[in-house]
Amino acid sequence: MKKVSLLILLVIVASTLLMAAVPTKMVRLTIINKSGYDVFMKLEGSAVTEAFYYLTVPAGDRDEPTIKVFTIMSDLYSRETWQCDGVKSSGTLVVDGNIRLTFTPCGEFACFRFGAHFEFWGCNDEQLVLVTTLKRRSGEPRMEKVTYFRYLQYGVPSWANAYLYNGFWTSGCFTWYWRSRTYRTPIGCSWRYQY
């Protein structure tokens, strides 16, 4: 009887330790909707947490944004987002701390920031070099601007790039191409919201 009791106690302690190994840190996900349309986001967690969230943020605009704060578990989420009247995007959302996502107005391109500074290069003949940078204003880390929409590009075709075009049409003496493009930010590995 003692062996059975000891075995049951050992199973209870082991299961408690396994449950404690699952990360249960809760963080805030703030979504600011300025897009003019409802935003829907589906988050599916990893096998460790098995978390699942379906988040809805009503339409807001630049003057009166809709702000929603959600409490979710820290995890690497598989993400699907519907914004700009049903445009769907997918990717990942790295949740390792509090995050603020701002959905910008649909059809608005993100601004670029241009910076220039001087640097000295070399050992003996120290040369003054102008270094320039061009960066997108996607927001600072943990406060990111999300932009995703499709737009139509058209023009006179360059036949070397003909494989990129979706179609052609002729008007009088000219041939035109059209191409469906996708604009999205933020891009790159340094952002939590990734495509």
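Read-outs throughout are calculated quantities, based only on the coordinates presented, and are distinct from any laboratory measurement. Given the structure is predicted, the values throughout are model-derived calculations rather than measurements. All Cβ positions, glycine included, derive from the backbone under ideal geometry; neighbour counts span all protein chains shown.
Mind listing whichever residues of the range 32-68 are of a type in the set (A, V, I, L, M), surrounded by 12 or more Cβ atoms within 10 Å (Cβ to Cβ) and either touching a Ser or Thr at 6+ places or on another chain (Cβ under 8 Å) or in a loop (DSSP other than H, G, I, E, B) (or both)? Within the range 32-68, Ile32, Val39, Met41, Leu43, Val48, Ala51, Val57, Ala59, Ile67 qualify. Filtering the range 48-57 for residues that are within 19 Å of Gln194 (Cβ to Cβ) and of a type in the set (D, E, K, R) leaves an empty set. Which one is farthest from the chain's Cα centre (by Cα) among residues in the range 148-180 that are surrounded by 10 or more Cβ atoms within 10 Å (Cβ to Cβ) and among the aliphatic types (A, V, I, L, M)? So the residue we want is Ala162. Only residues that are loosely packed, with under 15 Cβ neighbours inside 10 Å, small (Gly, Ala, Ser) and either outside any loop (DSSP other than H, G, I, E, B) or under 11 Å from the mean Cα position of the chain (by Cα) (or both) were counted across the range 80-90, and they come to 1. Tyr77 - would you say it is assigned to a strand (DSSP E or B) and without any contact (Cβ under 8 Å) to a residue 24 or more places away in the chain? Answer is no for this residue. Within the range 142-156, the set of residues being farther than 30 Å from Ser74 by Cα and hydroxyl-bearing (Ser, Thr, Tyr) comprises Tyr151, Tyr154.
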